[in-house]
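Okay, structure first, notes after.
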Amino acid sequence: MHVGLEHYLTVSFLLFALGLLGVILRRNLIVMYMSLELMLNAANLALVSFSRFNNKLDGQVLVFFIITVAAAEVAVGLALIVALYRKRQSAHVEDLTSMKL
Amino acid sequence: MEMEVINNLINGGAVTDVLFYVFAALTLLCGVLVIANPFSRSPVTSAMFLVLTILSMAGLFVLLHAFFLAAVQILVYAGAVMVLFLFVIMLLDLKEEERRKLKLFGLLGGLVSVGTVLAIFMRSLAAIKPAGAAPQLEGSTPDLGRLLFSQYVLPFEIVSVLLLVAMVGVILLSKKKLE
């Protein structure tokens, strides 16, 4: 069977589900952040395959923007984690409960 | 000469299919190892497997003829972003994450939500009609650049402002004392 759009989308969906599972199950802030990156990458893969199989380049331009925004997001997020770690000496979500009612 | 070989490799149907399965399997396997590694709970291992995931995903981009994006993926993600991750991991000096008992409710909720998302995806996948003609699109860098600097020039400029804002924000956040 020839590899088509469905195959690429399946990979993308599975990767997204993996990222979601990581965000929900892991308790380490940094690993949760990496799972977020997995989900972003899954979206990128879906966009590139849509672009390829619809003969339109716009999807690839969007992926270009997503990569740029993701880089900015990682920088800000990691700075937040470092600031949190300085205050709490921990990067576990279970130790960050000051906003709990 | 080399270009011809690469073109044959990419356009030759059977080889492409095999390469797709290899890269897809690598991507998913390394993705699993990022979130749940049976041998190590250290974030450094997760980061290394994330690099492998991103590299095999760049392979998938090449199979989709998105050569420029494959290069950007390796440069920005596997290069800059992962170096940032590793740098922060070293800076925080995280101890090996002890195996905390997973709460049953959390595990159940996680599996249910992931199952729901997957079910929605599979339904939408079933709705896709198989494309008739073979894809013709060549994601060549000049074409991409032309589109980026004509139709998408405003978003492009906004993104550059966004990067500046992010940079200022990071410097402010990582100052010793927030005023």
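We did not get these values from a lab; they are worked out from the coordinates using the rules stated. Keep in mind it's a predicted model, so treat the numbers as computed, not measured. Cβ: placed from backbone, ideal geometry, glycine included. Neighbour counts: every protein chain shown.
Report the calculated FRET efficiency for B:ASP17 and B:THR141 (r = Cβ-Cβ distance, R0 = 30 Å), to the nearest 0.05.
0.70
Inter-chain Cβ neighbour count for B:22-34, averaged per residue, equals 4 (cutoff 10 Å, partner chain atoms only). Kirkwood radius and radius of gyration were both taken over the C-alpha atoms of the range B:1-96, and their ratio Rg/Rh is 1.09.
Charged side chains reduced to their Cβ positions (Lys and Arg at +1, Asp and Glu at -1) give the range A:5-91 a dipole of some 440 debye around its Cα centre. Estimated from helices alone, the mean residue ellipticity of chain A at 222 nm is -27000 deg cm²/dmol (sum of -39500 (n - 2.57) over DSSP H runs with n ≥ 4, per residue). Taken as Cα centroids, the range B:142-176 and the range A:7-62 sit 21 Å apart, rounded to the nearest whole angstrom.
Each principal axis of the Cα atoms in chain A has its own extent, and those three values, largest first, are 52, 26, 21 angstrom. Find the percent of Cα-Cα distances in the protein assembly as shown that exceed 23 Å, and round it to a whole number. Summing the P(r) tail past 23 Å for the protein assembly as shown gives 58 percent. Positive end of the dipole of the range A:20-101 (Cβ unit charges, origin at the Cα centre): among A:PHE64, A:SER49, A:LEU38, the Cα lying farthest that way belongs to A:LEU38.
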